[in-house]
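Some notes on the structure that comes next.
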Amino acid sequence: MLNIGCHLSISKGFEHIGKEAMSIGANTFQFFTRNPQGGKAKDVDINDVHKYNTFAAQNRFAKIVAHAPYTLNPCSDNPQTVEFAQMVFADDLQRMELVPHNYYNFHPGSHVGQGAEKGISMIIDLLNKILRQEQTTTVLLETMSGKGSEVGRSFEELAEIINGVKLKQKLGVCMDTCHVFAAGYDIVNNLDGVMTEFNQVIGLERLKAVHLNDSLMPFASHKDRHAKIGEGEIGEKALVRFVNHDAVKNLPIILETPNDLVGYADEIKLMKAKCL
Ligand code: FE
Ligand code: FE
Ligand code: ZN
């Protein structure tokens, strides 16, 4: 069975988001741990979290994905931004233990002109500071399109980060179909080749989740603009093939397409119908 859901707002709590997900045919979802622009996290209502954990177990939810704020940048040239990233990351991971054994996805960062090597070493530093042996959360590095000075635009860059981290067993990768396509990985004409390359460079055992998006921008454009399924340059056929791939079909698949709830329900229905 396909594990599929979409990005939803957690502003009304965990139980609410779980029920909302189920109402659109999802058995997983993604949420921002706090305002995507950063800022303070809402206090967690323990009672709500307990209700969610029971609900998720009863309804056989797959692993869910928390998404770090976009402003989190471990490789900024501003020491205050780096310190903020560390604080947010550590705080989010601590709160994630209330919903144990799930995923925390983040954009590796932007090196803002310091160079990819410097950026990579700063991301490694952050991960070595905040990962804990006892945490149950797996931290996911998201594949990036390579806009601006983004780190994580190639499998090699992600592999370098993973290789520098001591607690590697706490790390995985979330592949965003829009981002990899825009980064120059041809998942339309050479899906097997891309997956083979991922396996050789990173290892497919690290692939833990997928962001399923079409891309408004062309192949290898290094631009990050999501489109609805079938309304972009990747196309419905290639996305269906992607989700049916052996390396993908059992992972949590999260839609981040520009949709309201009805639109998400339609895309979930479509993917479920085409992926057996
Ligand atoms: Fe993202
Ligand atoms: Fe994404
Ligand atoms: Zn994106």
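The values are calculated or read from the model by the stated rules, or taken from the named source; none is laboratory data. Predicted model only: the values in this text are computed from it and were never measured. Backbone-built Cβ (ideal geometry, glycine too); neighbour counts: all protein chains shown. SASA here: full protein model, heavy atoms, side chains in, ligands and nucleic acids out. Shrake-Rupley method; radii C 1.70, N 1.55, O 1.52, S 1.80 Å.
Couple of notes before you dig in:
- Accessible surface of segment 172-231, 1.4 Å probe: 43 percent of it comes from carbon and sulfur atoms.
- Point-to-point label distance, residue 117-residue 246, nm (Cα→Cβ direction, 7 Å offset): 3.8
- For segment 4-274, relative contact order (Cα pairs under 8 Å, six or more residues apart, normalised by length) works out to 17 percent.
- Loop-located GluC sites (Glu not before Pro) in segment 109-164 (DSSP state other than H, G, I, E, B) with a sparse environment of at most 14 neighbouring Cβ atoms within 10 Å: 134.
- Dimensionless Rg ratio for segment 4-274, taking C-alpha atoms and the 2.2 N^0.38 Å reference: 0.95
- Those trypsin sites (Lys or Arg not before Pro) in segment 46-92 that DSSP places in a loop and that have at most 12 other beta carbons within 10 Å: 60
- Furthest towards positive pole of dipole, 151, 213, 252, structure part segment 150-252, Cβ charges: 252
- Shape index of segment 99-162: Rg/Rh, with Rg the Cα radius of gyration and Rh the Kirkwood radius from the inverse mean 1/r over Cα pairs, equals 1.00.
- Placing +1 on the Cβ of every Lys and Arg and -1 on the Cβ of every Asp and Glu, with no other charges, gives segment 4-274 a dipole of roughly 560 debye about its Cα centre.
- Nearby lysines by direct alpha-carbon distance to residue 228 (threshold 21 angstrom, same-chain neighbours under 8 apart not counted): 147, 237, 249, 269, 272, 274
- Rounded accessible area per residue of segment 127-276, 1.4 Å, Å²: 41
- Of all accessible heavy-atom area on segment 100-141, the percent that carbon and sulfur account for (1.4 Å): 49
- Per-pair calculated FRET efficiency, R0 = 22 Å: residue 42 and residue 83 via Cβ, rounded to 0.05: 0.50
- Amide N proximity, segment 5-32 versus residue 55 label position 7 Å along Cα-to-Cβ, cut-off under 12 Å: 10-24
- Cα centroid of segment 82-125 to Cα centroid of segment 134-149, whole Å: 8
- Straight Cα distances below 22 angstrom link residue 40 to the lysines 12, 129, with same-chain residues fewer than 8 positions distant left out.
- Amide N proximity, segment 46-65 versus residue 97 label position 7 Å along Cα-to-Cβ, cut-off under 20 Å: 46-54, 64-65
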